[in-house]
Amino acid sequence: AKAAGKDRVVSFDERLRADQLHRTRTVDGLRAAIDRADFAVHYQPLVDLRDEQTVSVEALVRWTPSDGPPIPPDQFISVAEDSGLIVPLGAWVLRRACLDAVAWHHRYGVRLSVNVSVRQLREPDFEQVVREALEASGLPAHALTLEITESVLVADGGGQAITHLTALRRIGVKVAVDDFGTGYSSLAYLQHLPIDSIKIDKAFVPVEGPEGAQQVSLIRAIIDLARSLALGTVVEGVETADQARLLHNLGCQLGQGYHFSRPITADAVERLLAADRALAY
Ligand code: C2E
Ligand code: MG
Ligand code: MG
Ligand code: MG
């Protein structure tokens, strides 16, 4: 047993070192990829649950190395955050997404959401970075929503983040709390934050089965609370028509998820919006 225990310690240590090596390689790879702009921005529609029309799109970054398949954000965002590389990468995503979205906004009134990390919000010039992305693209400030996770607003350093967000809201930019319900903030705390809407995490979307009824009461409570605070409501991770109908009946405004569309390329967004609007008239 003692020998086995020792083996376990060694292999754990090795695994740590392997993980460290992997992260170091990822940081080097990321830095080079940022220099070459080896990334693509895909977009996932947010639809009005009343008629399933696309009212907004969320920018989701993909790492697209020339010599391999695209790498999803779950595999590099945390490394980008820890190393600080999320600051230049996030600025690139913001500029790229504003340039893509301006035509969709002018033609179809569609809005844009962009994810922002805490590291970006700690930079003294974050507000300027956003203003420049808007000016360079011509996208009006009111057509942009920044998605921030709730921990950003509650943790230390929330002060700087809140200062930036308050200033940006003054020029018309909207702020959404992403992955709502997975963090630590109390629901009551929401009313003190500079935010316009919440995106309820996919973990709260009711599934079929015995837990269903309890899940429905939970998400109903969240939607009712958001509405009583005059906050917009979006649910992410809607995968079935039944879920979409239920969430609409519970009073949720917008939905996002594979049931409506997966994240798609900018070209595919063009086609989707043209087809969407052709159907509506
Ligand atoms: P998020 O902002 O919560 O984005 C939603 C994620 O859920 C996306 O994963 C999306 O593809 C996935 N998703 C959408 N609909 C469904 C569904 O019906 N079912 C399921 N199971 N999943 C669904 P993705 O694109 O892999 O992005 C993962 C996370 O990476 C994002 O979560 C966001 O936190 C982060 N991220 C992506 N792009 C950026 C970026 O440009 N900057 C920063 N800071 N973070 C980003
Ligand atoms: Mg998001
Ligand atoms: Mg989310
Ligand atoms: Mg989420």
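Of note:
- Sum of side-chain charges, residue 233 neighbourhood, beta-carbon under 9 Å (Lys, Arg +1; Asp, Glu -1): +2
- Over all distinct Cα-Cα pairs of region 63-211, the Kirkwood formula returns a hydrodynamic radius of 16.5 Å.
- Contour minus Cα-Cα distance for residue 196 and residue 136 (0.36 nm per residue): 19.1 nm
- Cα pair distances of region 1-149 binned at 10 Å [whole percent]: 10, 33, 28, 15, 8, 4, 1
- Given charges at beta-carbon only (K, R positive; D, E negative), |dipole| of region 204-281 in Debye: 220 debye
- Of the DSSP H helices in the chain, those with a Cα length along their own long axis of 30 Å or more and a mean Kyte-Doolittle hydropathy reaching -0.5 comprise 86-108.
- Here region 133-176 is scanned for amide nitrogen atoms under 19 Å from the site 7 Å beyond the Cα of residue 218 along Cα-to-Cβ, giving 150-151.
- Solvent-accessible area per residue in the chain equals 52 Å², computed with a 1.4 angstrom probe and all protein chains kept.
- Rounded to the nearest 20, the Cβ-based charge dipole of the chain about its Cα centre (Lys and Arg +1, Asp and Glu -1) stands at 160 debye.
- Charged side chains reduced to their Cβ positions (Lys and Arg at +1, Asp and Glu at -1) give region 1-154 a dipole of some 420 debye around its Cα centre.
- Mean-position separation - Cα centroids, region 201-250 and region 93-116, in angstrom: 27 Å
- Each DSSP beta bridge with both residues in the chain is either parallel or antiparallel, and the antiparallel ones are about 35%.
- Per-residue extension of 0.36 nm, minus the Cα-Cα distance of residue 228 and residue 166, leaves a gain of 20.2 nm for this segment.
- 5 angstrom amide H check on residue 111, placed H, neighbours 5+ away: 56, 57
- Toward the positive end of the charge dipole of the chain, with +1 on the Cβ of Lys and Arg and -1 on the Cβ of Asp and Glu, the farthest Cα among 45, 121, 278 is that of 121.
- Value in Å of the Kirkwood radius, where the chain supplies the Cα pairs that are averaged: 20.3 Å
- GNM top mover of 46, 121, 193 - the chain, alpha-carbon springs below 10 Å: 193
- Whether region 34-116 is rounded, prolate or oblate, judged on the alpha carbon gyration tensor where a/c under 1.5 counts as rounded: prolate
The values are calculated or read from the model by the stated rules, or taken from the named source; none is laboratory data. All figures in this text were calculated on a predicted structure; none of them were measured in a lab. A quick note on method: Cβ atoms are made from the backbone with ideal geometry, for glycine too, and the neighbour counts reach across all protein chains shown. The accessibility values were calculated without ligands, DNA or RNA, using every heavy atom of the protein model including side chains. Shrake-Rupley method; radii C 1.70, N 1.55, O 1.52, S 1.80 Å.
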